[in-house]
Structures are given as structure tokens and as C-alpha cells.
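One structure below.
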Amino acid sequence: KVMDRHELNRMFDGLAPDPRRERELLRQLLQDDVRRKRPMKNWKRAVIGAAAAALLVTGAAAAVVVPRLNQGFLDYLNVEPEDTEAVVQAEDLLLPGAMELDITKEDNGAALHVTQVLRDRNCVMVLADFTAPEGTVLNMGDLDAPGSWMRKGFSLTSETTACFLDEAGEPMGDGLTGYYNWEVLEDGDPLDEHLTLMLTLFPQMGETSVMDAAALRVPAVNLSYFDTEGFDSEAVYYGDWTVQIPLPQQDIGSAQQLDYAIGELDGARIVVEELYLSPMTMELTLTREGGVDLDSWTDENEAAQIRWLSLANDAADPNNVVLSAKDGETVSLERSAGGDVGTGRQVAVFRLSQVTDPAKFQGGTLTLNWACGKAVIPLNSLALAEP
């Protein structure tokens with residue numbers, strides 16, 4: 001008799017070691033990894049350690065357990081195929097700086113399993129798996145189609161707004177605005193019953209401080225996606241998996257005081273005062289000294305203020321903001337938020353294209369090619385941000 005895929009999975013599940021034995025085997029595998037001819041960075045070993053080799057089983061014969069692999073997730077981590085000898089569930093992989101979670105919310109026969117969360121001073125990221133009953137087709141549309149950046153995850157309405165919670169579990173404000181989006185990571189089998197989702201939340205500047213919150217209530221109602229061709233929302237699976245997620249209480253970012261002049265704009269000297277870098281975002285604090293009086297509302301001064309506030313928008317061109325590691329490897333950036341925080345002072349926030357350990361950029365450079373001038377800023381004294 002030829003076993004189908006589900007029978008094979010059940011057989012392998014029975015052969016799998018218990019969790020305690022599994023952790024011990026993975027610990028040994030991580031130690032073995034140190035002896036690789038091409039050693040990996042410490043954070044990378046931690047990220048893919050659980051995927052570094054096949055799990056052993058006891059008994060007269062040995063078997064290899066090969067659970068599901070979310071290749072899109074490994075791509076997001078910049079993990080090369082040769083770095084893995086077996087595959088595991090996405091929840092066994094930790095992003096740099098992430099807090100591991102094990103929170104499951106069930107409804108209508110499906111389960112949302114939240115596996116990790118990251119939080120810095122600007123942003124919250126949540127990684128979760130969604131599993132529907134066996135045989136369900138979770139078709140989230142073409143992930144590569146134009147406009148695929150639009151919502152692919154859960155419905156976003158005024159009744160399903162994310163909300164920060166204080167230590168008592170009470171809402172901090174009426175809800176969060178700003179950039180708030182679910183993303184479906186490609187898993188190689190888009191028509192099965194399983195998805196891996198990532199939520200990214202950038203609250204609007206001026207709202208409740210991200211670092212003041214103890215938890216985040218994440219709305220997760222009706223799995224759906226926005227069909228850009230039909231310009232309509234397509235429901236894939238109905239239910240409510242809204243979940244409350246504890247947030248890390250330690251800043252995972254690093255900072256460096258710069259006071260680096262990068263040029264002039266409308267007669268003002270433009271200075272990068274501070275750089276803040278986390279695994280998810282980069283924040284630049286900019287100041288302007290002298291020049292046009294931005295508080296005086298003439299047509300000329302209004303145009304100068306617009307140029308000042310849009311200065312960091314040059315990030316739309318990937319050649320205008322380049323973050324480079326010491327070995328020359330670069331990470332692309334995109335502008336995510338920013339605004340004036342007082343006369344002559346603004347904060348510009350950028351999102352890293354991939355979650356990356358800030359320590360990687362110690363000894364690297366930040367290149368800015370903006371309207372006020374061009375500068376290559378050395379990053380030689382990044383240090384953990386103050387709590």
C-alpha cells in the first residue's frame with residue numbers, strides 16, 4: 001500500500017522525539033555548527049539552528065522528520081539554501097531581537113498561532129501561523145501582482161483597530177492609526193491550509209509612545225485580501241482571531257550620537273544629530289541651524305518648510321540612503337514615518353528591507369545623498385540604546 005502525504009506525516013509524528021529530547025538534539029547541532037568550514041554569524045546560527053539538521057529518532061531504525069518549510073520566511077532572513085539540511089516550522093526560527101511567543105486563538109475550526117514579536121521605539125512586528133482544517137484552500141491571490149503590498153491578511157475596519165494596552169490591560173487611547181498592515185509570506189504551496197503572516201505596525205507619530213505599552217491587542221478578523229484587479233476585498237476564511245500580545249520591555253535598538261553636518265538647505269546648516277538602529281528600523285534625528293525662518297508664513301518660507309520636512313523623502317531612490325555593513329553588504333531602506341518635533345528639528349524613520357542584527361553595521365557606514373548634500377557617515381560607536 002502506498003501511503004499518502006498525510007499518513008506519512010502521522011507516521012513521522014509518532015517517531016518524533018519529545019520536546020525535551022528535541023531541544024537537546026538541537027543544542028548539540030548548534031555546537032556542531034561551530035565546526036563548519038564556512039562559519040555563520042552568531043545570530044544566524046540562532047535563527048536557523050532549528051533548521052540546521054534533521055531530527056534523530058530512537059528505535060531500531062532511524063527516520064528523518066521533515067516538517068513544513070516557509071521558504072519566504074527564510075528568504076526574509078537572508079538564509080541561503082545550503083545553510084539548511086532540513087526544514088522546520090516557521091515558529092522554530094527566531095528573527096534577530098524577537099521575543100518568542102506561544103499564543104493560539106481558535107475560531108471556526110481554524111487557529112492563529114502567534115510565535116514571535118519584535119518592538120523598537122518606532123515599530124511592532126508580529127509573526128504568526130494560520131492553519132485551517134485539512135483540505136481547505138487558502139488562496140490569498142497573486143502575491144507578486146501589482147499592488148500586492150495592499151492588505152493580505154485580515155480585514156481592517158474601524159471596529160478592528162489595533163490598540164496598545166497598559167500594565168493593567170486597559171487600552172491606551174481609542175486605537176492606533178498610521179501604517180498598519182498584514183503581509184503573507186510565500187510558503188511554496190499557496191493553495192494549502194497553512195499561511196505564515198507578518199503584521200507590521202508603525203503608529204502615527206505623536207500617538208502613545210510604543211515603548212510605554214505593555215501589550216498590543218491585534219485585530220485578526222476574517223482572513224481576506226484586497227484584489228487590486230477587481231478593486232474589492234475577497235474573503236478567504238471567516239472568523240475572529242483577535243489576540244492580545246505581550247510586548248518586550250527592553251529596547252532592542254542601538255544608537256550613536258553623530259552631530260554630523262551633511263550640507264545646507266535654504267541657507268540652513270543640516271545636521272544628523274543621532275542615529276538609532278534596530279533590527280527593523282533606522283531613525284535619524286535631524287536639525288537645521290540658521291537659514292530661512294520657518295515660523296514666518298510667507299510663500300517663500302512655506303516652500304522652504306516643505307523642502308525641510310520632505311528632505312528625507314529622497315529615500316524613495318535606493319541610492320540616496322544606503323546602510324552598509326563593515327564587509328560592504330548593504331540593506332535597502334524605505335521611508336516609513338517622520339515629522340517635525342519642534343522648530344528646526346525632525347525625526348525621519350526608515351524601514352529595513354530585512355530584519356537585521358544592528359551589530360552587523362558596527363564599523364560600517366551610512367551614505368546620504370540628499371538635496372542638502374552628500375555624506376558618508378562612519379558607524380563606529382553604535383551602542384545599545386538607553387532603556
Given the conditions (1) open to solvent by less than 50 Å² (accessible area, probe 1.4 Å); (2) under 21 Å from residue 210 (Cα atoms); (3) at pLDDT below 90, report the number of the one that residue 128 does not fulfil. (3)
Residue 381 is checked against (1) touching a strand residue (DSSP E or B) at 6+ places or on another chain (Cβ under 6 Å); (2) open to solvent by less than 60 Å² (accessible area, probe 1.4 Å); (3) at pLDDT 90 or above and fails just one. What number does that condition carry? (2)
Being assigned to a strand (DSSP E or B), in contact with a Phe, Trp or Tyr (Cβ under 8 Å, 6 or more places away or on another chain) and more than 19 Å from residue 164 (Cα to Cα), is that true of even one residue in the range 118-129? no
Scanning the range 337-353 residue by residue, the ones that are open to solvent by less than 50 Å² (accessible area, probe 1.4 Å) and acidic (Asp, Glu) total 0
May I ask you to list the residues in the range 354-369 that are assigned to a strand (DSSP E or B) and either surrounded by fewer than 20 Cβ atoms within 10 Å (Cβ to Cβ) or at pLDDT below 90 (or both)? 365, 367, 369
I'd like the full set of residues that are open to solvent by less than 80 Å² (accessible area, probe 1.4 Å), of a type outside the set (Gly, Ala, Ser), free of Cβ contacts under 8 Å to residues at least 40 places away in the same chain and in contact with a Leu (Cβ under 8 Å, 6 or more places away or on another chain), limited to the range 294-329. 301, 305
Meets criteria (at pLDDT 90 or above, surrounded by fewer than 18 Cβ atoms within 10 Å (Cβ to Cβ) and within 22 Å of residue 210 (Cβ to Cβ)) for residue 279: no
Just to check your reading of the model, which residue among 289, 274, 334 is open to solvent by less than 40 Å² (accessible area, probe 1.4 Å) and touching a strand residue (DSSP E or B) at 6+ places or on another chain (Cβ under 6 Å)? 274
Scanning the range 256-271 residue by residue, those under 30 Å from residue 100 (Cβ atoms) and open to solvent by 20 Å² or more (accessible area, probe 1.4 Å) turn out to be none
Do any residues in the range 104-117 that are more than 12 Å from residue 243 (Cα to Cα) have Cβ atoms under 9 Å from those of residues that are of a type in the set (Val, Ile, Thr) and in a loop (DSSP other than H, G, I, E, B), where the two are at least six apart or on different chains, and which pairs are they? 109/136; 110/136
Filter the range 103-117 down to residues that are not polar (S, T, N, Q) and not in a strand (DSSP E or B), then give me how many there are. 1
For the range 342-387, which positions are under 24 Å from residue 305 (Cα atoms) and without any contact (Cβ under 8 Å) to a residue 60 or more places away in the chain? 342, 343, 367, 369
Please name all residue pairs, on different chains or six or more residues apart, with Cβ atoms under 6 Å, provided the first residue is in the range 262-281 and is within 12 Å of residue 375 (Cβ to Cβ) and the second residue is aromatic (Phe, Trp, Tyr) and open to solvent by 20 Å² or more (accessible area, probe 1.4 Å). 272/260
Just one of (1) β-branched (Val, Ile, Thr); (2) closer than 21 Å to residue 109 by Cα; (3) out of contact with any strand residue (DSSP E or B) (no Cβ under 6 Å at 6 or more places or on another chain); (4) at pLDDT below 90 trips up residue 136, so point out which. (4)
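The values are calculated or read from the model by the stated rules, or taken from the named source; none is laboratory data. These figures come from a predicted structure and were not determined experimentally. Note that we place each Cβ from the backbone using ideal geometry, even for glycine, and neighbour counts take in every protein chain shown. The accessibility values were calculated without ligands, DNA or RNA, using every heavy atom of the protein model including side chains. Shrake-Rupley method; radii C 1.70, N 1.55, O 1.52, S 1.80 Å.
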